[in-house]
Amino acid sequence: METVMIVDDNEENCELVGDILSTWGYGVYKVFQGKDAIALAERKQPDVILLDVMLPGMNGFEVCHELKSNQRTQDIPIIMLSVLSDADDRIHGLKVGADNYLTKPVNYHELRYIIVSAVRRKKINDQMEQRQTIIESFLQMYKLFNEDLYSHVITVHEYCIKLAAILNYSDSQKERLLTAAYLHDIGYLVSDGYEHHARFGAAIISPYKMGDWLRIMIENHHGPLNGKNFPCDAVTEFGLQAEMEALITVNWFVNLCKQQTKEQSLAVLLEQAKQQKCSDTVIKALQQIVKDDQFRELLGDRTIVGPEE
């Protein structure tokens, strides 16, 4: 159950708003002092805080500033409620970190919508933070376990960043591709065998919320796209076609480049694309990336020659 903390020195207001929130399905915490709100927010970690401005002792602006300056509470959405309706007061509230500022008397239909939106954003941010923490942990394992493995996933990730920009991937496509770019080879942390590392990698990430779609990408990151075991139905179900094409083609490219030049590697991939084993669209984007990188290297190698003395 999502929870909302109400901070208001007027106990009747607290009771009224609390009853309304309860009918909307939220758990409710009630606090009547600013300092108590800071302590309770640290301890209970509510999903949203409804913060009155006119509080005794620490006013709402000061409480908001403290909450947003505290690492443990800075990501909790704060909706400030106030009888102060001047633009300067609203601006001040936003400056100290409030996510929204509503003037009393509050329109409860508007308040409900704002709370729902705030809870949704917080969930997304929490999931992204959790995902980033997981990725960083695995990257440390890569680095400690095998520098070459670490270098490989970093290189795949860098190409995928550039690729997503050229091909105009959506935010969700980009996020999934970059996550898979980092984690596609985690199976090597428990197995040095090429044959089993994808299966072991899928098992490692299976407990996570992202496990359903990420498992598909890890298990099949070596392709080919038209292989008899390629999970076409699952890829379609999760909408992973673009991400799978990118990961497979980039991974092949990076591996080929370990043995030959980038131009030779692209030529090999073009032959594979004719057989529909990898993506012609991704290869064209890689060709552009290679050209752009070479151009930047050329500019970097140039030196400014001054006039002869």
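Okay, here's what the table says:
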{"quantity": "Selection status of Asp19, among the acidic types (Asp, Glu) and free of Cβ contacts under 8 Å to residues at least 12 places away in the same chain", "calculated": "yes"}
{"quantity": "Scan of segment 206-221 for residues that are touching a residue at least 24 places away in the same chain (Cβ under 8 Å) and part of a helix (DSSP H, G or I), ordered by number", "calculated": "Asp212, Trp213, Leu214, Ile216, Met217, Ile218"}
{"quantity": "Sole residue being outside any helix (DSSP H, G or I), farther than 21 Å from Ile134 by Cβ and not charged (D, E, K, R), chosen from Gln264, Gln272, Gln260", "calculated": "Gln260"}
{"quantity": "Gln127 vs. criteria of a type in the set (S, T, N, Q), outside the structural domain of Met244 (by TED's automatic domain parsing), out of contact with any strand residue (DSSP E or B) (no Cβ under 7 Å at 6 or more places or on another chain) and in contact (Cβ under 8 Å) with a residue 24 or more places away in the chain", "calculated": "yes"}
{"quantity": "Set Ser82, Ser151, Ser137: member being without any contact (Cβ under 8 Å) to a residue 60 or more places away in the chain, in the same structural domain as Asp293 (by TED's automatic domain parsing) and out of contact with any Leu (no Cβ under 7 Å at 6 or more places or on another chain)", "calculated": "Ser151"}
{"quantity": "Answer from Leu225, Leu214 - the residue that is in contact with a Ser or Thr (Cβ under 9 Å, 6 or more places away or on another chain), farther than 18 Å from Glu175 by Cβ and surrounded by 16 or more Cβ atoms within 10 Å (Cβ to Cβ)", "calculated": "Leu225"}
{"quantity": "Segment 197-209 - residue that is under 21 Å from Gly239 (Cβ atoms) and surrounded by fewer than 19 Cβ atoms within 10 Å (Cβ to Cβ) and, of those, modelled with the highest pLDDT", "calculated": "Ser206"}
{"quantity": "Residues being touching a residue at least 24 places away in the same chain (Cβ under 8 Å) and either out of contact with any Gly (no Cβ under 9 Å at 6 or more places or on another chain) or surrounded by fewer than 22 Cβ atoms within 10 Å (Cβ to Cβ) (or both) - total across segment 228-244", "calculated": "4"}
{"quantity": "Filtered residues of segment 17-35 (kept if within 16 Å of Glu62 (Cα to Cα) and either outside the structural domain of Val116 (by TED's automatic domain parsing) or surrounded by 15 or more Cβ atoms within 10 Å (Cβ to Cβ) (or both))", "calculated": "Val31, Phe32, Gln33, Gly34"}
{"quantity": "Any hit, segment 108-120, residues being under 22 Å from the mean Cα position of the chain (by Cα), modelled with pLDDT of 90 or more and within 28 Å of Phe230 (Cβ to Cβ)", "calculated": "no"}
{"quantity": "Answer from Ile6, Ile49, Ile20 - the residue that is closer than 18 Å to Leu94 by Cα and of a type in the set (A, V, I, L, M)", "calculated": "Ile49"}
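The values are calculated or read from the model by the stated rules, or taken from the named source; none is laboratory data. If you're wondering where the values come from, they're calculated on a predicted model, not measured in any experiment. Cβ sites come from the backbone with ideal geometry, for glycine too, and all protein chains shown count toward neighbours.
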